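**Student:** Take this structure first; my questions come after.
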Amino acid sequence: MLDNIWLIPLFPLLGFLINGGFGLWKVARTGTRPPKPFVYCVACGSILLSLLLSLSCFWALLQLDPQDRIQEVEVFSWIHGPAVQTIAGELANFKISWGFQLDPLSAVMILVVAGVGFLIHVYAIGYMAEEEEGFYRFFAYMNLFMFMMLTLVLANNYLLMFVGWEGVGLCSYLLIGYYIHKKSAGDAAKKAFVVNRIGDFAFIIGMLMIFTYFGSLDFTEVFHGVEEMFPMPEALWGPLCWIALLLFIGAMGKSAQIPLFVWLPDAMEGPTPVSALIHAATMVTAGVYMVARSSAIYSRAPDVLFIVAVVGICTALLAASIALFQQDIKRVLAYSTVSQLGYMFAALGVGAAAAGIFHLMTHAFFKALLFLGSGSVIVALHHEQDMRKMGGLRKHLPRTWWTMGVATLAIAGVPGLAGFFSKDEILWRSFSNGHPLIWFVGVLVAGMTAFYMMRMMFLTFHGEERLSPEVASHVHESPSVMTIPLVILAVGAVFAGYLGLPAWLGPNVFEHFLEPAFETRYHAAGETVHAAHSTEILLTLVSVALAGAGIYLAYYFFLKRKEKAEQLRQKYAGLHRIIRDKYYVDEAYDFLFVNRAKGLGRFLSAFDNNVVDGAVNGSATITQISAWLSGQADIHIVDRAVNLVAEIFEFLSTVLRKIQTGLVQRYALFFVIGIILVISLYLYMGV
Amino acid sequence: MVDVTHYLILSTIVFSIGVVGVLTRRNVIIILMSIELMLNSVNLNLVAFSDRLQDLSGQVFAVFVIVVAAAEAAVGLGIVISLFRNKETVNVDEIDLLRG
């Protein structure tokens, strides 16, 4: 069974080829689009096959002993490069295979990707039902995304991972810009692509450094090399730190961390299933996965780990504060995603990779659920996303209400739900690994998260209805094809947390399962302090209290005493404006980079128009002049000479022509005269 | 006694008449007839010398010349007919198709 893991990404690829190829062929051939049932059966069916295969592979993996739980399958050999000398002076062949690897970490990832992906595909059938032109295109891209994402998490070397990494970036670009007639969508797609490119650039350099140091890009060989060459963590800033930092910059781009987070909120221009799948549950977590995968490197680069933690927690704080005042329901969720990703990086940074991956998994459930629920609201309100025009939707959309409510409570950290366990694990690890400040900010962010998520719920589903009349008359609950995935995800959002119970409650199954993936690699940094359970319980109580405070404040300001919120806003108008306008980060980037780049572009364009084109046009003019000159010479000199010869002959011929009269008797006369002359000559000469 | 000199004188006179006819007359048919005269004066010469030298080759030549003359007359008259059909004239003054 485990030899078949390469089939897992293959099914979505086939789905993509069938939907994309057949769709293109049909449009080109007949001008009609492929039938929708065919398209979504192929799309969802291929993901379902992947999911079933992933489950069976996971089951097969569980049957193995923990230390044997790493399976590699090489599908084919991809690149045979020349031998290159590494830094250590050894010769290494640049050899890359198209190989997949299943270990606990990638097993968790494929289950999350295929499971959540399948539900979102099913949901998209309902969400995209009104689409005509783009229906097959949408599902083809979604399948391509699934192929790339599964390749990314299953790859057994950095380069193949990078193929998936770029592939998901491409699909993200294609799907953000799915509404091709909207300029804002196209701009957002370009922004996402360009910002990601910055990170990818660092990632490539990091890969090259890995190869020059360790002579391979295969995970097992690289990590083996890391252990040999760097038995101890780097005390000073050295090559390993550079590699770790460059890889982290790559992860920053993909996972929307400071300073490269600006693309993710704009990415909400895409259809909501895309936001749920790509920009919440899977693709943006690729950076977390990559850093966790490279934990052998990171655990030996403590300085970079510290940077990771700081960047992560700062991102969490910044994004959470922006989310407080957003009015667009999807933007709230987008900033919430950025904030939660910051949490994951903070977990990685404090040396708790398992906790980070655990949060990744629970987050995939409840954030996908939140996005899908918001999509359900948006469909019900005919693509209205402004929360100021919602309110009181609870009775119209009961299923959406309670499923989103579950997800909100989960992300807010209400005890017993998924988010509580994973978030608390991160907070506890940051405290116990000696980063109390990160713990403190984390708890603060937890409180803010509870506040803005409850604010979103209250503004959307409770209070008085603020719908515009023509929308209000059409409000309806979404069809079952959309709500059933919500219900399933809600179950996940409740129970996924029980895989990773805190130490004082029971065994942490999840962490125990992941241990082999990090085992020999991570304890250097993650020297767990076995503090007393009482401390952990106390800290948990603090974070729960803050979450409760956040929930209560949201209730107080947005349901009970709305005028208080208004008063407070008046009082701190300046601060409110700064945060509402997202700290002017976009404007600053526009000023610092975008306008500079545009200016450079204009300069180069002017250079091109004036200098380059001028040179080309100048040479053209010179050619024209010389052509004119040679033309004149041809007419006046060459032609003249030819004509002169003809004229000479003509002149001579006018003389000679006179002799030829055409009269027979004249000729006869010459003839006779000639004979007489000849005979006379004979006679005279006396022959 | 008529000897070869008389024949030569006669032939010279006939030849001269032929030459003058060719050079002076306008009518193509008369020109052809004059050519005929010139040919026959040659025949006269040939026969006269054949008799004088007792050699039959001269007479054979004369017969050849008659044959050729007949052929030439046939071709010439054919040309004249064709010419007349096209130009409606047999006057050599008016026929100068080959003028340069």
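**Student:** Could you size up the charge dipole of region B:4-94 around its Cα centre, putting +1 on the beta carbon of Lys and Arg and -1 on that of Asp and Glu, and report it in debye to the nearest 20?
**Tutor:** Values: 5 positive and 7 negative charges, 24 e Å.
In total the dipole reaches around 120 debye.
**Student:** May I pose another question? For A:ALA503 and A:HIS383, what does the FRET efficiency come to when R0 = 56 Å and r is the distance between their Cβ atoms, rounded to the nearest 0.05?
**Tutor:** 0.75
**Student:** Could you give each residue of region A:13-30 its phi-based ³J(HN,Hα) in whole Hz, using Karplus coefficients 6.51, -1.76, 1.60 with θ = phi - 60°, and x for Gly or Pro?
**Tutor:** Whole-Hz 3J(HN,Hα) from phi for region A:13-30: 4, 4, x, 4, 5, 5, 5, x, x, 5, x, 4, 4, 5, 5, 5, 7, 10.
**Student:** Same structure, new question: Send over the semi-axes of region A:395-554's equivalent ellipsoid, whole angstrom and largest first, taken as the square roots of 5 times the C-alpha gyration tensor eigenvalues.
**Tutor:** So the three semi-axes of region A:395-554 are 36, 19, 11 Å.
**Student:** Using a Förster distance of 41 Å, how high is the FRET efficiency between B:LEU8 and A:LEU652, based on the Cβ-Cβ distance and rounded to 0.05? Before the final figure, lay out each step's value.
**Tutor:** Working: r = 46 Å, r/R0 = 1.12.
Efficiency computed from Cβ-Cβ geometry: 0.35.
**Student:** Hey, another quick one. Got a sec? How would A:LYS254, A:LYS330 order by Cβ neighbour count within 10 Å, fewest to most?
**Tutor:** Ascending Cβ contact count within 10 Å gives the list A:LYS330, A:LYS254.
**Student:** A further question on this structure: So for each of A:451-458, A:498-505, A:566-573, A:363-370 I average, over its residues, the number of other beta carbons within 10 Å; can you give me the resulting order with the highest mean first?
**Tutor:** Result, highest mean first: A:363-370, A:451-458, A:498-505, A:566-573.
**Student:** If we count other beta carbons within 10 Å of each Cβ, what is the order of A:SER294, A:SER432, A:SER184, fewest first?
**Tutor:** A:SER184, A:SER432, A:SER294
**Student:** Next question. Of the peptides A:653-661, A:406-414, how do they stack up when ordered by the mean number of other Cβ atoms within 10 Å, highest first?
**Tutor:** Most protected by this proxy first, the peptides run A:406-414, A:653-661.
**Student:** Is there a quick way to get the dipole size of chain A? I mean about its Cα centre, with the Cβ of Lys and Arg at +1 and of Asp and Glu at -1; what is the value in debye to the nearest 20?
**Tutor:** Numbers: 44 positive and 48 negative charges, 451 e Å.
Here chain A has a charge dipole of around 2160 debye.
**Student:** Going by average Cβ density within 10 Å per residue, which order do the peptides A:71-77, A:23-29 take, highest to lowest?
**Tutor:** A:71-77, A:23-29
**Student:** Test of understanding: what is the full-extension gain from A:ASN643 to A:LEU681, defined as 0.36 nm times their sequence separation minus their Cα-Cα distance?
**Tutor:** 9.3 nm
**Student:** In nm, give the distance between the simple-model label positions of B:ALA74 and A:TRP59, each being 7 Å from the Cα along the Cα-to-Cβ direction.
**Tutor:** So the two model labels end up 11.7 nm from each other.
**Student:** Moving on to the next point. Among the lysines, select those whose C-alpha is under 20 Å from the C-alpha of A:LYS26, and discard any that sit fewer than 8 residues away in the same chain.
**Tutor:** Within the straight-line limit of under 20 Å, A:LYS26 reaches these lysines: A:LYS36.
**Student:** Checking the cross-link filter: which lysines have an alpha carbon closer than 29 Å to that of A:LYS658, excluding same-chain neighbours under 8 positions apart?
**Tutor:** Cross-link targets: B:LYS87.
**Student:** While we're here: Subtract the Cα-Cα distance of A:LEU24 and A:GLU132 from 0.36 nm times their separation in residues, and report this length gain in nm to one decimal. The partial results should precede the final answer.
**Tutor:** Working: separation 108, 0.36 × 108 = 38.88 nm, distance 1.41 nm.
37.5 nm is the gain from fully extending A:LEU24 to A:GLU132.
**Student:** Can you give the local net charge around A:LEU159? Use residues other than it whose beta-carbon is closer than 14 angstrom to its beta-carbon, Lys and Arg +1, Asp and Glu -1.
**Tutor:** Neighbourhood net charge equals -3.
**Student:** So, one more: Sequence-distant or interchain residues sharing an amide H contact under 5 Å with A:LYS95, placed H: which?
**Tutor:** Excluding prolines and chain starts, which carry no amide H, the hits are A:GLY81.
**Student:** Select from A:LEU683, A:VAL655, A:HIS636 the residue farthest towards the positive end of the dipole of region A:614-687; place +1 on Cβ of Lys and Arg, -1 on Cβ of Asp and Glu, and compute about the Cα centre.
**Tutor:** Towards the positive end, the residue furthest out is A:LEU683.
**Student:** Enter the Cα centre distance for the pair region A:310-366 and region A:669-686, rounded to the nearest angstrom.
**Tutor:** For region A:310-366 versus region A:669-686, the Cα centre distance is 130 Å.
**Student:** Can you find, among B:THR12, B:VAL60, B:PHE49, the residue farthest towards the positive end of the dipole of region B:4-94? Put +1 on the C-beta of Lys and Arg, -1 on that of Asp and Glu.
**Tutor:** Value computed over the given set: B:THR12.
**Student:** Shielding of A:659-672 by partners, i.e. mean partner chain Cβ atoms within 10 Å per residue? All intermediate terms of the calculation are to be shown ahead of the outcome.
**Tutor:** Values: counts 1, 4, 4, 6, 7, 8, 8, 3, 1, 6, 4, 0, 3, 4.
Partner-chain Cβ atoms within 10 Å, mean over residues of A:659-672: 4.
**Student:** At 1.306 mPa s and 10 °C, plugging the Kirkwood radius over alpha-carbon pairs of region B:4-94 into Stokes-Einstein gives what diffusion coefficient in µm²/s? All intermediate terms of the calculation are to be shown ahead of the outcome.
**Tutor:** Numbers: Rh = 14.2 Å.
Using the Kirkwood radius from Cα pairs, D works out to 112 µm²/s.
**Student:** What is the calculated FRET efficiency for A:ARG580 to A:MET232, with r their C-beta to C-beta distance and R₀ = 35 Å, to the nearest 0.05?
**Tutor:** 0.15
**Student:** Roughly what angle does helix B:57-87 make with the longest principal axis of chain B, taking Cα atoms, 0 to 90 degrees, to the nearest 10?
**Tutor:** Tilt relative to chain B: about 10 degrees.
**Student:** Normalised by the number of residues in region B:1-69, what is the relative contact order in percent for Cα pairs under 8 Å and 6+ residues apart?
**Tutor:** Numbers: 63 pairs, mean separation 21.8, N = 69.
This gives 32 percent for region B:1-69.
**Student:** How do A:VAL163, A:VAL84 line up, fewest other C-beta atoms within 10 Å first?
**Tutor:** A:VAL84, A:VAL163
**Student:** Got the relative contact order for chain A handy, in percent, Cα pairs under 8 Å and 6 or more residues apart? Before the final figure, lay out each step's value.
**Tutor:** Values: 1080 pairs, mean separation 78.1, N = 687.
Relative contact order, chain A: 11 percent.
**Student:** At a Cα cut-off below 17 Å, give the aspartates and glutamates reachable from A:LYS423, other chains included and same-chain residues fewer than 8 away excluded.
**Tutor:** Qualifying aspartates and glutamates at Cα under 17 Å: A:GLU511, A:GLU536.
**Student:** Here is a follow-up. If you average the sequence gap of Cα pairs under 8 Å that are 6 or more apart and divide by the length of region A:395-475, what percent do you get for the contact order? If you can, show how the numbers build up before the last one.
**Tutor:** Working: 44 pairs, mean separation 23.7, N = 81.
This gives 29 percent for region A:395-475.
**Student:** Taking Cα atoms, how many degrees apart are the long axis of helix A:480-495 and the longest axis of chain A, rounded to 10 and kept between 0 and 90?
**Tutor:** 50
**Student:** With all pairs of different alpha carbon atoms counted, what Kirkwood hydrodynamic radius in Å does the protein assembly as shown show?
**Tutor:** 33.2
**Student:** Which pairs break 32 Å Cα to Cα here: A:LYS367/A:LYS582; A:LYS183/A:LYS571; A:LYS182/A:LYS560; A:LYS183/A:LYS560?
**Tutor:** Values: A:LYS367/A:LYS582 21 Å; A:LYS183/A:LYS571 37 Å; A:LYS182/A:LYS560 39 Å; A:LYS183/A:LYS560 40 Å.
With Cα atoms farther than 32 Å apart: A:LYS183/A:LYS571; A:LYS182/A:LYS560; A:LYS183/A:LYS560.
Read the figures in this text as sums done on the coordinates, not as results from a lab. All values derive from a computational prediction rather than experimental measurement. As a convention, Cβ positions derive from the backbone with ideal geometry for all residues, glycine included, and neighbour counts pool all protein chains shown.
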